[in-house]
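**Q** Sending over a structure as structure tokens; questions will come in a sec.
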Amino acid sequence: MTVSRCPWGETNDAAMQAYHDTEWGVPQHDDRALFELLSLEGAQAGLSWRTVLSRRDAYRSAYHGFDIERVAAMTDAELEALLVDSPLIRNRLKIFSVRHNARVAGDVVARHGSLDRYLWSFVANSPIRNAWSERGQVPATTAVSDTMSKAMKQAGFRFAGSTICYAFMQASGMVDDHLVSCFRHAREGR
């Protein structure tokens, strides 16, 4: 049986297709998983998602499964080693920002009870379900991602521009931007 997907999910790349079919747009509420998505979206800045997706397992290994406390405790020497001999994208600012953001995330958890509660508050704890018919209609930023970006930067997060925030919102299921023709559009319980 043939299914219709968003254009970027219509690919011979099995990893990208699986990501589209099973992860992208699925509401995520686990703090560790949300921190992972924030970190990976930051790593993607200026690059393709495929570039990051192909290295996701390496990122998970390098950053202790994105355990916020363990990442916050990483030493400069551990981070420097990632710049020398690792399959990660070797950008110093991006690599060090993950530890920095883990420390900020820890502060957010202390203030709000969870990273989930803080991040989902930007969408009133309910996914925004869009009804785009064409890829060109899907925005790169919105007023909500602008608000999230401003708040996150004020909290101290790095690599938290509006475009990164919107991509994070899409990835974490805060926004459903699957095209209406896509079999994943507005599926409850994804």
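**Q** Would you check if there is a residue in segment 118-133 being in contact with a helix residue (DSSP H, G or I) (Cβ under 9 Å, 6 or more places away or on another chain) and basic (K, R)?
**A** no
**Q** Within segment 162-190, track down each residue that is in contact with a Lys or Arg (Cβ under 8 Å, 6 or more places away or on another chain) and in a loop (DSSP other than H, G, I, E, B).
**A** G173, H178, L179, C182, F183, R184, A186, R190 - these are the residues of segment 162-190 that are in contact with a Lys or Arg (Cβ under 8 Å, 6 or more places away or on another chain) and in a loop (DSSP other than H, G, I, E, B).
**Q** Now for a separate question. Which is polar (S, T, N, Q) and over 16 Å from the mean Cα position of the chain (by Cα), of T75, T51, T141?
**A** Only one candidate passes the filter, namely T75.
**Q** Right, here's the next one. Check whether at least one residue in segment 71-85 is touching a helix residue (DSSP H, G or I) at 6+ places or on another chain (Cβ under 6 Å), of a type outside the set (F, W, Y), surrounded by 15 or more Cβ atoms within 10 Å (Cβ to Cβ) and outside any helix (DSSP H, G or I), and report yes or no.
**A** Within segment 71-85, one or more residues are touching a helix residue (DSSP H, G or I) at 6+ places or on another chain (Cβ under 6 Å), of a type outside the set (F, W, Y), surrounded by 15 or more Cβ atoms within 10 Å (Cβ to Cβ) and outside any helix (DSSP H, G or I).
**Q** P127 fails exactly one of the following numbered conditions: (1) open to solvent by 40 Å² or more (accessible area, probe 1.4 Å); (2) in contact with an Asp or Glu (Cβ under 7 Å, 6 or more places away or on another chain). What is the number of that condition?
**A** (1)
**Q** Cβ contacts < 6 Å: first residue under 16 Å from T141 (Cα atoms) and touching a residue at least 12 places away in the same chain (Cβ under 8 Å), restricted to segment 32-46; second residue open to solvent by less than 10 Å² (accessible area, probe 1.4 Å) and hydrophobic (A, V, I, L, M, F, W, C), any location; separation 6+ or different chain. Result?
**A** Close Cβ pairs (under 6 Å, with a partner that is open to solvent by less than 10 Å² (accessible area, probe 1.4 Å) and hydrophobic (A, V, I, L, M, F, W, C)) amount to L38/F168; E41/F168; Q44/V52.
**Q** To continue, here is another question. Would you mention how many residues in segment 132-158 are buried (at least 20 other Cβ atoms within 10 Å of the Cβ) and either in contact (Cβ under 8 Å) with a residue 40 or more places away in the chain or not in a helix (DSSP H, G or I) (or both)?
**A** 1
The values are calculated or read from the model by the stated rules, or taken from the named source; none is laboratory data. All values derive from a computational prediction rather than experimental measurement. Note that we place each Cβ from the backbone using ideal geometry, even for glycine, and neighbour counts take in every protein chain shown. Areas reflect the complete protein model, heavy atoms only, side chains present, ligands, DNA and RNA absent. Shrake-Rupley method; radii C 1.70, N 1.55, O 1.52, S 1.80 Å.
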